[in-house]
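S.K.: Below are the structure tokens for one structure; questions will follow.
Each value in this text was obtained by applying a stated rule to the coordinates, not by laboratory testing. Here the structure is a predicted model, which is why all the values come from computation and not from measurement. Heads up, the Cβs are rebuilt from the backbone with ideal geometry, glycines too, and the neighbour counts pull from every protein chain shown.
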Amino acid sequence: MIFTHTSIRTSSMDKSIDFYTRLMGLKLIARKEIPQNNAEIAFLQDPEGKGAKLELTFYKSQKKFIQADYENRVFDHLAFEAPDMKEIIRVLREEKVTITDEPFKLGPKGPLIAFIEDPDGTLIELIERT
């Protein structure tokens, strides 16, 4: 078995594609309609094609889109390596992205990490390895 991708639901395909391409540095590699379940999907990946793919799924018949409170979530987070935490946090602040946890060191020799949310409230960990 080879792990290939993670799928998250989105309430707006265009808004999510913009967020993940423009702010998170992913590249849109495919987008298509899935008539069998009245959905649209999009696959994104880092420009070098090294990491796993992110699948965005938009179900056209989904009426409610509610992110559970943090303590009640089943899915925890996505993670991205951030080469320059200070710069990415600056850009995300300008874009009014929710920063749930300001950058902090994970132990004396550990990486610098922070947590943000995508437009639908999906938690994202940013990791700067030192």
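S.K.: Taking every Cα atom in the chain, find the radius of gyration and the maximum pairwise distance Dmax, and write them in Å.
M.R.: 15.4, 51
S.K.: Hey, another quick one. Give me the base-10 log of I(q)/I(0) for the stretch 1-61 at each q in 0.15, 0.25 Å⁻¹, Debye formula, one uniform scatterer per Cα, rounded to two decimals.
M.R.: -0.43, -1.04
S.K.: OK, next. Under a point-charge model restricted to the Cβ atoms of Lys and Arg (+1) and Asp and Glu (-1), what is the dipole moment magnitude of the stretch 1-61 relative to its Cα centre, in debye to the nearest 20?
M.R.: Charge dipole of the stretch 1-61: 20 debye, to the nearest 20.
S.K.: For the stretch 3-8, in order, what is each residue's ³J(HN,Hα) by Karplus, 6.51 cos²θ - 1.76 cosθ + 1.60 with θ = phi - 60°, in whole Hz (x at glycine and Pro)?
M.R.: Whole-Hz 3J(HN,Hα) from phi for the stretch 3-8: 6, 10, 6, 10, 10, 10.
S.K.: Oh, and also: Quick one, what does Rg over Rh come out to for the stretch 76-130 if you take C-alpha atoms and the Kirkwood Rh?
M.R.: Checking Rg against Rh, the ratio lands at 0.95.
S.K.: Follow-up. In whole Hz, with x marking every Gly and Pro, tabulate ³J(HN,Hα) for the stretch 23-32 from phi via Karplus 6.51 cos²θ - 1.76 cosθ + 1.60, θ = phi - 60°.
M.R.: Result, ordered by residue: 9, 9, x, 7, 10, 6, 10, 6, 8, 7 Hz.
S.K.: If you count, for each residue, the other Cβ atoms within 10 Å and average over each peptide, how do 15-21, 93-99 line up from highest to lowest?
M.R.: Highest mean packing first, the order is 15-21, 93-99.
S.K.: From the phi angles alone, apply the Karplus equation (6.51, -1.76, 1.60; θ = phi - 60°) to the stretch 102-111 and give each ³J(HN,Hα) in whole Hz, x where the residue is Gly or Pro.
M.R.: 4, x, 8, 7, 8, x, x, 10, x, x
S.K.: Of the listed peptides 24-37, 49-62, what is their order by residue-averaged count of other C-beta atoms within 10 Å, with the highest listed first?
M.R.: Sorting 24-37, 49-62 by mean packing, highest first, produces 49-62, 24-37.
S.K.: Under a point-charge model restricted to the Cβ atoms of Lys and Arg (+1) and Asp and Glu (-1), what is the dipole moment magnitude of the chain relative to its Cα centre, in debye to the nearest 20?
M.R.: Magnitude of the dipole: close to 240 debye.
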